[in-house]
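Comments concern the structure below.
The values are calculated or read from the model by the stated rules, or taken from the named source; none is laboratory data. It should be emphasised that the depicted structure is a prediction, and the values quoted were computed from it without experimental measurement. All Cβ positions, glycine included, derive from the backbone under ideal geometry; neighbour counts span all protein chains shown. Side chains are part of the model used for accessible areas, which takes the heavy atoms of the whole protein and leaves out ligands, DNA and RNA. Shrake-Rupley method; radii C 1.70, N 1.55, O 1.52, S 1.80 Å.
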Amino acid sequence: MDHPPRVAVIGAGAAGLAALKALSEVGAEAVGYESGDRPGGLWDRDNSSGRSAAYASLHLNTSKGRTEFADLPMPGEWPDYPSAELVAGYLADYARFFDLDRYVRYDTSVVAVEREEPGGQAPGEAVWAVTTDEGDTERFDAVVVANGHNWDPRWPDPGYPGTFTGEQVHAHEYRVAEVFRDRRVLVVGTGNSAMDIAVDASYVSRGPVLLSARHGVHIVPKYLFGRPSDATGGALAALPWRLRQWIAQTMLGLAVGGPERYGLPAPSGGLFQNHPTISDTVHHRLTHGEVVVRPGIERLDGDRVHFTDGGSDRVDTIVWATGYRVSIPFLSERWLGPDPEAMPLYKRVFHLDDPSLLFVGLMQSTGAAFPVVEAQAKLAAAYLSGAYALPSPERQRAAVGRAHRAAVRRWGPDKRPMMRVDFDRYVADLPRETAAGARRAANPTAGTGSRRDKENAV
Ligand SMILES: Cc1cc2nc3c(=O)[nH]c(=O)nc-3n(C[C@H](O)[C@H](O)[C@H](O)COP(=O)(O)OP(=O)(O)OC[C@H]3O[C@@H](n4cnc5c(N)ncnc54)[C@H](O)[C@@H]3O)c2cc1C
Ligand SMILES: NC(=O)c1ccc[n+]([C@@H]2O[C@H](COP(=O)([O-])OP(=O)(O)OC[C@H]3O[C@@H](n4cnc5c(N)ncnc54)[C@H](OP(=O)(O)O)[C@@H]3O)[C@@H](O)[C@H]2O)c1
């Protein structure tokens, strides 16, 4: 390429901002597109994108020290688990501090991304056409997809049999507990949204909040033995995950006991084999009888919900805290495959068919998201600047296959194994990968497919 790479970045949440910063540092010509009117993505509930899932009581559930970007620590005087409002302010500060707003076209949604030139393994070989909702199309050497994956509500599919005559909302719509005042509330799910919403609702609802758990989960409090619980995870990072699991689960058992003690079903897998559910407050509401556990739903019948144990309750509002679908509507199935959750990516960044289509943030981390997207952004920028060369396509595919098999063994086949990353391992691995790619770039005879390879070859 005889010019700095021209790169489209879609989304200006934590992932898109980290990508824009890394790209600006390698001299790329970056253009950011953001549907909303501000940076910060889902953390700012007033974001005009309408995609934020942030409710008034939302706080980080990963601790400040484990969540902050390495390039911009969170203020020392902040609590260990800051509010969503503080996090949104932090991301706005990050954009300001690194002067990223100048790259971003706010209030502009990308509606289509199509490749016009065939592409290859080196940057500059593809031409990508990016079309916005305003009808403009611009061309780029590469596209970084950073559109987030926690904004498209996943309703039960297929829905439960029967008809419900009360109100139904998805967790994504929830903002303040007042909407539950004097209502009989059923919250479905055992993820972090379910726990937070059940707790909030339990202070204003009519009678205890019902929590429908079709599976058990380990619930980790925010503090264990006087420290943020994920700090303990960090201290154990060098150990194999099975050993980490045994140590952490033993500590959790000693400190709080198993979920069955609180009326929840027993988890089917061990700690770290599911997305962590982190809550200090749900144990308190459960032990006070203000949140009461129900099993999975069997059917709906007017204002009644029937459960799999044969019991039933009258309910005014069902909150489906059933998670989010991965949606990338501007990319065709040609790139996404039949299921975007199962799309293979080398190091969760590079599309296997054309590495000038890159992803930042399309992963499910065992810990915080920001250090992961920061490391991904740096790897992407190193590749696009020519400082990093990928291994051969065959090696990329083999590495993805190995990672996938390991993830299936750990998380099982149904829990997005392709997207899983072990936070500490992954954040430590990407700088090593960048260094290995720099060696490949410096040694064209290794046949790596780097830009320098191609230049030397002609
Ligand atoms: C309720 C909730 C709480 C969470 N708590 C934590 C936590 O405690 N710790 C943690 O580490 N992680 C947490 N997460 C995970 C969270 O996803 C990450 O922290 C982080 O927000 C991911 O950033 P992102 O940029 O990938 O996505 P987002 O923040 O969703 O940003 C994506 C951006 O892309 C924009 N966009 C999407 N499509 C388009 C398009 N077509 N054109 C233009 N722009 C587009 C969106 O408007 C949005 O601004 C939480 C998630 C949720 C839902
Ligand atoms: N900072 C915070 O405090 C905070 C708060 C909220 C969310 N978050 C984050 O936001 C992301 C999304 O979390 P989330 O809790 O909204 O979603 P989630 O983690 O995907 O959890 C969804 C829950 O819904 C259940 N479920 C899914 N489909 C169901 C169905 N058809 N019937 C019954 N139950 C069903 C799942 O149970 P099964 O296991 O049985 O499928 C699971 O318990 C996560 O990364 C989470 O950490 C963080």
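Multiplying the residue separation of ARG409 and GLU260 by 0.36 nm and removing their Cα-Cα distance gives an extension gain of 51.1 nm. Assuming charge only on the beta carbon of Lys and Arg (+1) and of Asp and Glu (-1), the dipole of the range 259-348 about its Cα centre is about 360 debye to the nearest 20.
Measuring nothing but how far apart in sequence close Cα pairs (under 8 Å, 6+ apart) lie, relative to its length, the chain scores a relative contact order of 19 percent. Seen against the Cα atoms of the chain and their longest principal axis, helix 370-385 is set at about 20 degrees. For the chain, the C-alpha radius of gyration sits at 1.01 times the compact-globule guess of 2.2 N^0.38 Å, with N the residue count.
Per residue, how much accessible area does the chain have with a 1.4 Å probe, in Å²? Before the final figure, lay out the partial values.
Values: 19370 Å² over 458 residues.
The answer is 42 Å² per residue.
Close amide-amide hydrogen proximity is noted between VAL187 and LEU210, LEU211, SER212, VAL319, each under 5 Å apart and 5 or more residues distant or on a separate chain (H modeled in the peptide plane; Pro and chain starts excluded).
Label positions at ALA112 and ASP99, each projected 7 Å from the Cα along the C-beta direction, are separated by 3.6 nm.
Quickly estimate the mean residue ellipticity at 222 nm for the chain, helices only: each DSSP H run with n ≥ 4 gives -39500 (n - 2.57), and the total goes over all residues, rounded to 500. Don't skip to the end; give the middle numbers.
Values: 12 runs with 137 residues, N = 458.
Calculated at 222 nm, the ellipticity per residue is -9000 deg cm²/dmol.
The Cβ shell under 15 Å around ILE219 holds other residues with a net charge of -1, Lys and Arg each +1, Asp and Glu each -1.
Sequence-distant contacts, meaning Cα pairs under 8 Å at least 6 residues apart, place the relative contact order of the range 155-322 at 39 percent.
Taking K and R as +1 and D and E as -1, what net charge do the other residues with C-beta under 14 Å from the C-beta of THR250 add up to? Mind showing how you got there, number by number?
Details: positive: ARG242, ARG244; negative: none.
Counting the neighbours of THR250, the net charge comes to +2.
Roughly how many percent of the accessible protein surface of the range 153-286 is carbon and sulfur, given a 1.4 Å probe and a whole-percent answer?
On the way: 3560 of 6370 Å².
Reported share for carbon and sulfur atoms: 56 percent.
Projecting the Cα positions of ILE328, ALA126, PRO340 onto the charge dipole of the chain (unit charges on Cβ atoms of Lys, Arg, Asp and Glu, taken about the Cα centre) puts PRO340 furthest along the positive direction.
Output the peptides 86-96, 28-38, 152-162 sorted from most to least packed, where packing is the average of other Cβ atoms within 10 Å over each peptide's residues. It would help to have the intermediate numbers written out before the result.
Numbers: 86-96: 19.9, 28-38: 22.3, 152-162: 12.5.
The most tightly packed comes first, giving 28-38, 86-96, 152-162.
Each label was represented as a point 7 Å from its Cα along the Cα-to-Cβ direction; for HIS284 and ARG214 these points are 3.1 nm apart.
If each residue of separation counts as 0.36 nm, what is the full-extension length gain between ASP37 and ALA129 once their alpha-carbon separation is subtracted?
Working: separation 92, 0.36 × 92 = 33.12 nm, distance 2.32 nm.
Length difference between fully extended and current span is 30.8 nm.
Selection among VAL319, VAL179, LEU390 by position relative to the dipole of the chain gives LEU390 as farthest towards the positive end (Cβ unit charges, Cα centre). Summarising the label geometry, the points placed 7 Å from Cα in the beta-carbon direction at ILE247 and ASP303 lie 5.4 nm from one another. Entry for the range 347-394 at q = 0.15, 0.21 Å⁻¹: log10 I(q)/I(0) = -0.39, -0.73, Debye formula applied to identical alpha-carbon scatterers, no solvent contribution. Between SER392 and PHE225, the C-beta separation translates, for a Förster distance of 60 Å, into a calculated FRET efficiency of about 0.80.
Here the range 155-322 has an Rg and Dmax of 16.8, 53 Å, counting Cα atoms alone.
Of all DSSP beta bridges confined to the chain, the antiparallel ones make up roughly 40%.
Diffusion coefficient (Stokes-Einstein, Kirkwood radius over C-alpha pairs, 20 °C, 1.002 mPa s) for the range 229-379: 110 µm²/s, rounded to a whole number. Relative to the longest principal axis of the Cα atoms of the chain, the long axis of helix 192-202 lies at roughly 30 degrees. Net charge in the neighbourhood of LEU379 (other residues with Cβ under 11 Å of its Cβ; Lys, Arg +1, Asp, Glu -1) is +1.
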